[in-house]
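Every read-out reported here was derived from the displayed coordinates using simple, explicitly stated rules and does not represent laboratory data. Everything quoted here is computed from the prediction, not taken from an experiment. Neighbour counts run over all protein chains shown; Cβ positions are idealised from the backbone, glycine included.
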Amino acid sequence: AWWAYQLRGKLQALELPLIRPRAAVHVFAEATHDFRVEPALVRRLQGLAEQTGYSTQSLALSAFSALLRRYAGHDELVVGTSAPCRNEALAGVVGPIDNLLVIRSQCPAGTTPQALCASTAETLAQALAHRQLQFDQLVLALNPAKDMSRTALFDVLFNYKQAEPSEVVAGVSFTPLETNLGYGKNDLHLLIDDHGLHWNGHLVYNAEFFEPAFIEQLMQHYVRLLEALVDAAQTPVDDLPLLSAEQRQQQVLAFNDSEAAWPEQMTIHQLFEEQVRQCPERIAVNLGNERLSYAQLNAQANQLAHRLRAAGVTPQA
């Protein structure tokens, strides 16, 4: 009943900027991107968690939701996550026993990081409290409209885990080995490995839809939004700066360096006539199947000027 109420109505599909339209049937080409959240920022996030009582998992998810809000522009954000469901009855079962959960959050215009963290922490806690309903049963119960171009209920997956370098069970020491099994075929799947002093980020993405440069920028902006949770908790999410000082310098100054030198004493029509003298046969106008060279365009412009003067048109008339 809780899930039916939480996921009532139509879920907002996440519309991220893709390099090509979705095919009628879902296609997937796996690619990965790794990044690191440095210890200085992790310590500040841990301090924020202690101060607010929110888990670092909910803070990491909040920044991810803010990122999706900035790139997709939706007020409603639907993200999947997984949670362990091992209980006493399954204590002797070998293998992973996790379940997929649907996190449906709201981030309308004007929402601050502080408010987003509070709502995300509450929604995540409620979802974890109702984790036992199997995902495939949930899909059958909701019976959403069929869309073969997407994965069921959500397109983006988020996971967070406390990483341990080694563990000992019944006297046997082992080290977890990352196999990348079970990631599914979502548009994006962000995994945050919390090593205590630092976080390792691992993003699996669909290369059919995203290019590596875009993904690298996406994760840079994710780290910027993690910083904003601490530094700009009262600034609306839509107003948070995503560019570093170097990127802003590049976009505002370098990319806009359009200065060009030309003879200031010449008028526009004199500059055009100079172009005609330099390359009369080069195409000046291209409209469908019709083309005019600079010489042809200049001749027609002169004909029009003579007709206007013959009709009595004078300067400023």
Shape call, the stretch 1-156: gyration tensor on alpha carbons, a/c limit 1.5: rounded
For the stretch 77-156: rounded, prolate or oblate by the Cα gyration tensor [a/c cutoff 1.5]: oblate
Using a Förster distance of 41 Å, the FRET efficiency for Ala23-His306 (Cβ separation, nearest 0.05): 0.10
In nm, spacing of pseudo-spin labels at Asn143 and Arg282 (7 Å Cα→C-beta vector): 6.7 nm
Centroid-to-centroid separation of the stretch 181-238 and the stretch 239-294 [C-alpha atoms, Å]: 38 Å
Pairwise FRET efficiency - Asp257 versus Ala83, Cβ, R0 = 41 Å, nearest 0.05: 0.20
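Of all DSSP beta bridges located in the chain, what percent are antiparallel, nearest 5?
Values: 31 of 39 bridges.
Antiparallel bridges: around 80 percent, rounded to the nearest 5.
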Euclidean distance between Cα centres, the stretch 48-103 to the stretch 20-43, Å: 16 Å
Gaussian network model of the chain, Cα within-10 Å springs - most flexible of Gln134, Gln265, Gln162: Gln265
Segment Arg44-Glu290, extension gain: residue separation times 0.36 nm, minus the distance between their alpha carbons: 82.2 nm
Residue among Leu218, Trp3, Leu292 farthest towards the positive dipole end of the chain, charges placed on Cβ: Leu292
23 Å Cα-Cα reach of Lys161 towards lysines, excluding residues that sit fewer than 8 places from it in its own chain: Lys185
Entry for Rg and Dmax of the Cα atoms in Å (calculated from the structure that is shown) out of (i) 20.5, 63; (ii) 28.7, 105; (iii) 20.3, 59: (ii)
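Hey, what did the chain get for relative contact order, percent, Cα under 8 Å, at least 6 apart?
Relative contact order, the chain: 23 percent.
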Electrostatic dipole magnitude of the chain [Cβ: Lys, Arg +1; Asp, Glu -1; Cα centre; debye, to 20]: 920 debye
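Taking the Cα centre of the stretch 1-82 as origin, sum charge times position over the Cβ atoms of Lys and Arg (+1) and Asp and Glu (-1), and report the length of that vector in debye to the nearest 20. Could the numbers behind the result be given before it?
On the way: 9 positive and 7 negative charges, 30 e Å.
That gives the stretch 1-82 a dipole magnitude of about 140 debye.
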Check: the stretch 167-317 dipole with +1 on Lys, Arg Cβ and -1 on Asp, Glu Cβ, in debye: 1120 debye
Long-range HN-HN contacts of Arg36 with modeled amide H, under 5 Å: Gly201
